[in-house]
Amino acid sequence: MKAAHNLDHKHNVTAKMIEPILDIYAAEGAPFMSSFKNVTPWVVEAQKYVIGDLMEMENHNFNVIDSYEAFSPPSGNFSHAKPTIVEKIDATEIFSYSHQAYNWRTNPKIDAADFYAASEVGAKLKSRQAIYDHFNMNITTENVTESTCQEINEYAQKWFRENWSGDPKVIEQYDQIGQPLEFIEDTNSPSGILWVNEGLIYKNTTESFQVSSRELLSDIDFMVPKAAGMLYCKLMSPARIMEWILVDGLKKNFYWVPRDGEGEVESEESLQFLQ
């Protein structure tokens, strides 16, 4: 009986630790989770962010419908998917498309990746300008600016902090000693086929971990009507941000053991976290 009690206790303790992590993975739309329904919840949130203040329009509802699409370089369903706006009697439906890319070492047969969240989330969205134009409004006269992928990434970090249901001390620890995430200006992709095959840009400067999204924005009067009014972003998901805050962002100050010229550890304090 005592052994069973101990097992139950360990299960309860572990569940409390794991459930907040799984909740964030679910927001990413991780295909390896049972909760995955061919939808990327974070891309739905990203599209809502792009809609912006119009979400608060009186007597009007928005319904964002995302579809996860398969992709194998250099082309695939995700390459050709095009977001649309469809007006229904009771709501305006916006159809977005998404695809998550993972490090090949996350394969269960290998299971040796440095991180397990998506290395990027590809999001095909309708632009803010296109949405305003749908309602015969102009973002310039409404004093509204177009969304950027950089803003969505910054929002992802804010969203994670507000929705993390685990121990708040892990975020406090990161804020005190972690290597900060720095979302820098987007990197423009000149065409759709290049955008879909180009990855999110990461750069570890040791002072910060810089992230630049691959971005493709088309005007509402683009020469190819089907491709007009689009905002394509390669995004950092809340799950990858979580992994950075809980693990990778601590490595510089917690895991990197300073050594002198002879390869000996400089101090016992350096090893405290590794023990």
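No value in this document is a laboratory result; all are computed from the given coordinates. Everything quoted here is computed from the prediction, not taken from an experiment. Neighbour counts are summed over all protein chains in view; Cβ atoms, including those assigned to glycine, are modelled from backbone coordinates with ideal geometry.
Some observations on this one:
- Restricting attention to region 197-221 and to residues that are among the β-branched types (V, I, T) and over 22 Å from Q100 (Cα atoms), the residue that is surrounded by the most Cβ atoms within 10 Å (Cβ to Cβ) turns out to be I220.
- Any pair with Cβ under 8 angstrom, 6 or more apart, that starts in region 174-197 at a residue that is over 18 Å from E243 (Cβ atoms) and ends at one that is among the hydroxyl-bearing types (S, T, Y) and in a helix (DSSP H, G or I): G192/S79; I193/S79; V196/S79
- Members of region 139-158 found to be touching a helix residue (DSSP H, G or I) at 6+ places or on another chain (Cβ under 6 Å) and either farther than 30 Å from Y25 by Cβ or outside any loop (DSSP other than H, G, I, E, B) (or both), listed by number: I139, E146, I152, Y155, A156, Q157
- In region 179-196, residue surrounded by the fewest Cβ atoms within 10 Å (Cβ to Cβ) [restricted to those that are in contact with a helix residue (DSSP H, G or I) (Cβ under 8 Å, 6 or more places away or on another chain) and assigned to a loop (DSSP other than H, G, I, E, B)]: E185
- Selection of first residues in region 220-234 that are on the phi > 0 side of the Ramachandran plot and of second residues that are surrounded by 20 or more Cβ atoms within 10 Å (Cβ to Cβ) and among the hydrophobic types (A, V, I, L, M, F, W, C), restricted to Cβ pairs under 7 Å at least 6 apart or on distinct chains, gives the following pairs, ordered by first then second residue: G229/A130.
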